[in-house]
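Read the figures in this text as sums done on the coordinates, not as results from a lab. None of the values given here were measured: they were computed from a predicted structure. Ideal geometry is used to build each Cβ from the backbone, glycine not excepted, and the neighbour counts take in all protein chains shown.
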Amino acid sequence: MVEVQTRIAPRKRVAAMKEYYPPLGSRKALRLDFNENTLGCSPKVREALAAITTGALTMYPEREPVEAVVAKNLGIDPSLMVLTNGVDEAIHVLFSSFLDEGDELLLPVPTYTMYEVYASATDAKVVTVLADDSLAFPQKQILAAITPRTKIIAVANPNSPSGTVATREQLLEIARRAPQAILLVDEAYFHFYGETVIDLLGTIPNLMLTRTFSKAYGLAGLRLGLLAGPVALMQWVRRVLSPYSVNSVALACLPAAVEDTEYLSWYVGEVIAARAEFASALDKEDIRHWPSQANFILTEIGAQHKEFVRLMSAAGILVRDRSADPGCEGRVRITIGTREQMKKAAAVLRGTMMVLRGAGTTPRTQKES
Ligand SMILES: Cc1ncc(COP(=O)(O)O)c(C=O)c1O
């Protein structure tokens with residue numbers, strides 16, 4: 001391809017941004033690297049998919065009827081929420097709606113990488129507060145970092161990559177102490193935790209919330225999320241949000257996913273049980289890990305983290321090196337799937353550790369186990 005030269009420059013902030021490449025590539029293995037549902041969505045979604053008509057594909061998508069279904073399922077008024085093209089779009093739109101030059105986005109780190117990416121595309125300043133080694137939510141430091149310029153405080157709850165949480169009381173105190181700012185509580189991993197602040201929506205003037213359908217529901221490929229908050233804030237989000245960013249196929253599938261509560265409860269129960277079993281397997285291997293309320297566990301592998309990820313992958317288990325995250329050198333995040341899958345993962349982990357610790361035994365491959 002001949003590269004055409006151009007003198008057209010992007011905004012300075014965009015030119016300074018690092019390119020973000022999700023390390024996806026070929027993922028024909030047990031995928032414990034992106035916190036997806038490791039089995040797949042409800043079979044009811046496949047039925048909805050098969051029933052999609054040509055008409056539905058021809059017309060522009062209509063979000064509102066499906067928003068009504070989701071709002072009912074969540075027990076909130078539809079005026080408080082919009083569906084988005086994944087939570088990533090919710091974050092992007094929220095930041096573009098509210099972050100001006102001179103504003104500050106306050107982030108406890110390590111946390112979800114895309115907050116910083118979307119903030120970098122605005123003219124706001126990103127202020128980070130580093131958690132200590134326990135990776136517990138740095139409440140005191142967050143409160144101390146609030147300034148009159150703080151405009152958004154984003155808290156993933158449970159957090160990624162740590163799996164640790166902020167309590168309801170901590171969140172409420174932040175909202176109270178920063179009335180000039182939006183407190184965004186990102187509940188992407190809510191189902192594996194069970195605690196929420198959704199019941200407070202619309203009663204606390206600066207509280208907003210996101211949920212995704214990419215994790216427990218197993219619909220990461222359809223790109224579905226939601227952003228919720230008081231009407232007074234949502235009105236600005238609605239101005240910026242594309243009316244058609246959630247496509248008709250995703251909209252046709254979503255009611256089936258949210259209505260199949262039996263499948264969701266089964267899968268979540270399976271992950272929670274597997275999380276406890278896998279934590280014990282890590283203990284047996286003497287691998288430090290952090291208490292997780294999400295569908296993943298952060299582990300301390302140390303200096304051999306790259307080799308660990310490579311060996312696990314060679315044995316058919318993909319895991320995610322989080323060494324580039326602030327304060328996470330040598331740490332690897334492992335998604336939790338079903339009990340059966342995690343038994344397999346634990347066996348491969350055992351073999352990998354033997355190799356790394358110099359026992360000379362090669363890890364069992366997926367085929368062998
Ligand atoms: C905390 C958190 N928020 C949001 C997202 C993005 O979710 P979605 O797939 O809905 O864009 C992720 C994805 O990993 C996440 O970890």
### Residues of region 247-263 with amide N under 15 Å of a point placed 7 Å along Cα→Cβ from Ala68
255
### Task
Considering only Thr299, Thr54, Thr38, give the residue with the highest GNM mean-square fluctuation for the chain, with springs between Cα atoms whenever their separation is below 10 Å.
Thr54
#### Entry: Of Tyr267, Val246, Ser162, farthest towards positive along the dipole that unit charges on Lys, Arg, Asp, Glu beta carbons give the chain
Ser162
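Could you give me D for the chain, from Stokes-Einstein at 20 °C and 1.002 mPa s, where the hydrodynamic radius is the Kirkwood radius over C-alpha pairs? Units µm² s⁻¹, please. Mind dumping the intermediate values first?
On the way: Rh = 21.8 Å.
The calculation lands on 98 µm²/s.
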### Summary
For the Asp199, Arg350 Cβ pair and Förster radius 41 Å, calculated FRET efficiency rounded to 0.05 is 0.45
#### Entry: Rounded FRET efficiency, nearest 0.05, which uses the C-beta distance separating Arg239 from Tyr60 and R0 of 22 Å
0.75
### Task
Compute the long axis of helix 168-177 from its Cα atoms, compare it with the longest principal axis of the Cα atoms of the chain, and write down the angle in degrees, 0 to 90, nearest 10.
40
### Residue with peak Gaussian network fluctuation, the chain [Cα springs, cutoff 10 Å], from Glu47, Glu187, Glu116
Glu47
## Note on the structure
Taking Cα atoms only, helix 86-98 is inclined relative to the longest principal axis of the chain by an angle, in degrees rounded to 10, of 40
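With r defined as the distance between the Cβ atoms of Thr147 and Ala15 and R0 fixed at 30 Å, what FRET efficiency is calculated, to the nearest 0.05?
Working: r = 27 Å, r/R0 = 0.90.
For Thr147 and Ala15, the calculated efficiency is 0.65.
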### Query
Given the options Ala315, Ala252, Ala51, which has the most mean-square fluctuation in a GNM of the chain, springs set between C-alpha atoms less than 10 angstrom apart?
Ala51
### Message
Ratio of alpha-carbon Rg to the 2.2 N^0.38 Å globular estimate for region 1-94, to two decimals, please.
### Response
1.60
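Determine the shape class of region 44-259: with a ≥ b ≥ c the square roots of the Cα gyration tensor eigenvalues, call it rounded for a/c under 1.5, and otherwise prolate if a/b is greater than b/c, oblate otherwise.
On the way: a/c = 1.96, a/b = 1.67, b/c = 1.17.
Note, shape of region 44-259 comes out prolate.
Using the alpha carbon gyration tensor of region 137-271, what are the three equivalent-ellipsoid semi-axes (square root of 5 times each eigenvalue), largest first, in whole Å? Intermediate values should be presented prior to the final figure.
Details: eigenvalues 151, 79, 28 Å².
For region 137-271, the semi-axes come out at 27, 20, 12 Å.
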